[in-house]
Amino acid sequence: MGFLRNEEQRQLVHSAEVFLAAQSPVSLQRRIRDSGVAQAMDPALWQQVIDLGWPAAVFSEDDGGLGVGYRGMGGVFQACGRHLAALPLLSSAVLCGSLLSNAGDAVQKARWLAPLIEGRLALALAMDESGRHDPHRIATRARLEAGQWHVQGEKWFVIDGLGADAFVVTARLDGGAGADAGAGNIGLFVMAADTPGLQVQPLHMADSRNYARMQLAGVLLPADALLAACPDSAQALDAALDLGRICLAAEAMGLIRYAFDTTLAYLKERVQFGVPIGSFQALQHRMARLYTEIEMLQSCVLAALDAIDQGDPELPLLASLAKARASDLCEKAMNEAVQMHGGIGVTDALDLGLYVKRARLVQQCLGDGVFHRARYAQLRGI
C-alpha cells in the first residue's frame, strides 16, 4: 500500500489548493448563499474548474479522461472542504461518471459520458427515497411495455439536482419485489432533465447547497435508457457510492482540519485570567486527542483512495471505514471547535459556523456513522 502521490497527482492537488484559495474564498460562498441562487454555485468558477480538467482527472484515457487517479482527486476534495467550495464534482464526475463508465454501453458513453468528461453536461444521481440513506430501498418502479419504460416514483436529497442536464435514476424493475427487496432487480436509467413527467423541486438544507426532490409521474423512456452493460446494476451502484463516500471523507478532512487549525489559533489568541486559554491543560488534552483522531482519519482516507487506484477487493470495507470515521469526527471536531470558541462559535460572524453546517450534511450524506458501521460488520460477516 503506497500513500505517496506521483508527480501528476501532486501537481493536481497543489493546483487545486492554490486555485481554490484564490478563486473560491469563503466570502464567495457567503455571497452565493445570501443571493439565494438555486444552484448554489458560481458558474464562472465551475467553468474554470472544467478548463483545469478536474472532471476528467479520474477517468481512463480510453474514456477520454486524464487517468490521474483518485489519490489526486482525494486531494482536490480535501481542498474543496478546506475552502468550502461548492462544485458538482461529486454528483457529476464521481457518482454518475463512474456509473456511466462501468454500466453504460458504447452508445450511452458517447451520448452521456463523453460530454460529462468535457464539462458540457452535468448529471446527478437520484436514489434515496427516505430521510436516511438506504440505496437498496427502492419503491420507484420501472415497467417495460411496447418498447418503452414506464417509470413512476419519487426521490429525495438529489445532490446538485437543480440545473442538472440529466439524471441517473434507480428504479425497481417490474417483476421484482417491493421496496425492501434489497439489491435484487435494480435498474439504472439515464433521463434528460426535460423529460415529460419529471419534476424537480428545491430542498433547502442547512449548508445552503444544491439539493432537490424529484417526482416521476408517468415518465416514458426508450428501451436504451437503461444502463445494462453491467450484469449487476446493484453492484455498479454500490461501487459508485463507495467512490463518493471516500471523496466525501476526503472533503470532511478539509472541513475538520480547518476547524482544528482555526480553534488552535483562537486558543493561542484568546486571553482569560491574564493568560492564553490554550495554556489550560484541560483544553490542551482535548486538542491533543482531537489531533490523534484527525491523523487516524487521514490514514483511513488515504488507504481508501489508494484502494480505488489499486483495485483492492477490500475497497467496500475501506470506504465504509473511512466514511464512518469521517462522519463521527465531523460531529466531534465541530462540537469541540464551537465549544472552545464559546458563544461566538455558532454565530454567522465567524466562518466556522458555515463549516459546522456543511459538516453536518457531509456527516449524513451517503450514509452516516451508524449506517457504515452496520455495513462494515455485514461485509465482515459479523
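Please verify whether the range 27-43 includes one or more residues that are within 27 Å of residue 102 (Cα to Cα) and either at pLDDT below 90 or touching a Leu at 6+ places or on another chain (Cβ under 8 Å) (or both).
No, every residue in the range 27-43 fails to be within 27 Å of residue 102 (Cα to Cα) and either at pLDDT below 90 or touching a Leu at 6+ places or on another chain (Cβ under 8 Å) (or both).
Exactly one of these conditions fails for residue 107: (1) within 19 Å of residue 215 (Cβ to Cβ); (2) in contact with a helix residue (DSSP H, G or I) (Cβ under 8 Å, 6 or more places away or on another chain). Give me its number.
Going through the list (1) within 19 Å of residue 215 (Cβ to Cβ); (2) in contact with a helix residue (DSSP H, G or I) (Cβ under 8 Å, 6 or more places away or on another chain), residue 107 breaks only (1).
Check whether at least one residue in the range 203-212 is surrounded by fewer than 23 Cβ atoms within 10 Å (Cβ to Cβ), more than 21 Å from residue 30 (Cα to Cα) and within 22 Å of the chain's Cα centre (by Cα), and report yes or no.
no
Given 326, 337, which one is small (Gly, Ala, Ser), under 18 Å from residue 372 (Cα atoms) and surrounded by 13 or more Cβ atoms within 10 Å (Cβ to Cβ)?
Of 326, 337, the one residue that is small (Gly, Ala, Ser), under 18 Å from residue 372 (Cα atoms) and surrounded by 13 or more Cβ atoms within 10 Å (Cβ to Cβ) is 326.
Scan the strands (runs of 3 or more DSSP E) fully inside the range 70-175 and keep the ones with 2 or more residues being under 23 Å from residue 38 (Cα atoms), in contact (Cβ under 8 Å) with a residue 40 or more places away in the chain and in contact with a strand residue (DSSP E or B) (Cβ under 7 Å, 6 or more places away or on another chain).
Once the strands (runs of 3 or more DSSP E) in the range 70-175 are filtered for at least 2 residues that are under 23 Å from residue 38 (Cα atoms), in contact (Cβ under 8 Å) with a residue 40 or more places away in the chain and in contact with a strand residue (DSSP E or B) (Cβ under 7 Å, 6 or more places away or on another chain), what remains is 123-126, 148-159, 166-173.
Would you pick out the residues in the range 257-276 that are more than 12 Å from residue 352 (Cβ to Cβ), buried (at least 18 other Cβ atoms within 10 Å of the Cβ) and of a type in the set (Val, Ile, Thr)?
Within the range 257-276, no residue meets the criteria.
Can you tell me how many residues in the range 181-235 are in contact with a helix residue (DSSP H, G or I) (Cβ under 8 Å, 6 or more places away or on another chain) and not in a loop (DSSP other than H, G, I, E, B)?
Final tally of qualifying residues: 8.
Checking the conditions here, which among 139, 126 is within 20 Å of residue 188 (Cβ to Cβ), out of contact with any helix residue (DSSP H, G or I) (no Cβ under 6 Å at 6 or more places or on another chain) and either surrounded by fewer than 17 Cβ atoms within 10 Å (Cβ to Cβ) or at pLDDT below 95 (or both)?
139
Given (1) at pLDDT 95 or above; (2) in contact with a Lys or Arg (Cβ under 7 Å, 6 or more places away or on another chain), where does residue 185 come up short, assuming only one miss?
Evaluating residue 185 over (1) at pLDDT 95 or above; (2) in contact with a Lys or Arg (Cβ under 7 Å, 6 or more places away or on another chain) leaves (1) as the failure.
Does any residue of the range 96-106 turn out to be assigned by TED's automatic domain parsing to the domain that holds residue 18, surrounded by fewer than 18 Cβ atoms within 10 Å (Cβ to Cβ) and more than 19 Å from the chain's Cα centre (by Cα)?
Yes, the conditions are met somewhere in the range 96-106.
Go through the range 52-69 and report how many residues are farther than 17 Å from residue 79 by Cα, in contact (Cβ under 8 Å) with a residue 40 or more places away in the chain and part of a helix (DSSP H, G or I).
2
Residue 381: of a type outside the set (A, V, I, L, M), modelled with pLDDT of 95 or more and not in a helix (DSSP H, G or I), yes or no?
No, not satisfied.
Of the numbered conditions (1) under 24 Å from residue 259 (Cβ atoms); (2) in contact with a Pro (Cβ under 8 Å, 6 or more places away or on another chain), residue 93 fails exactly one; give the number of that condition.
(1)
Restricting attention to the range 15-38, which residues are under 21 Å from the mean Cα position of the chain (by Cα), assigned to a helix (DSSP H, G or I) and aliphatic (A, V, I, L, M)?
Across the range 15-38, the qualifying residues are 16, 20, 21, 26, 28, 32.
Being within 19 Å of residue 32 (Cα to Cα) and in contact with a Lys or Arg (Cβ under 9 Å, 6 or more places away or on another chain) is the filter here, so list the residues in the range 354-382 that pass it.
354, 358, 361
When the residues of the range 213-256 are narrowed to those that are free of Cβ contacts under 8 Å to residues at least 60 places away in the same chain and more than 20 Å from residue 308 (Cβ to Cβ), which ends up surrounded by the most Cβ atoms within 10 Å (Cβ to Cβ)?
213
Given 306, 348, which one is crowded, with 20+ Cβ neighbours inside 10 Å and farther than 14 Å from residue 256 by Cα?
306 is the lone residue from the list that is crowded, with 20+ Cβ neighbours inside 10 Å and farther than 14 Å from residue 256 by Cα.
Considering only the range 21-45, state which residues are touching a residue at least 60 places away in the same chain (Cβ under 8 Å), closer than 15 Å to residue 88 by Cβ and of a type in the set (A, V, I, L, M, F, W, C).
32, 38, 40, 41
The values are calculated or read from the model by the stated rules, or taken from the named source; none is laboratory data. Note that this is a predicted model, so its numbers are computed, not measured. No Cβ is skipped: glycine too gets one built from the backbone with ideal geometry, and neighbour counts run over all protein chains shown.
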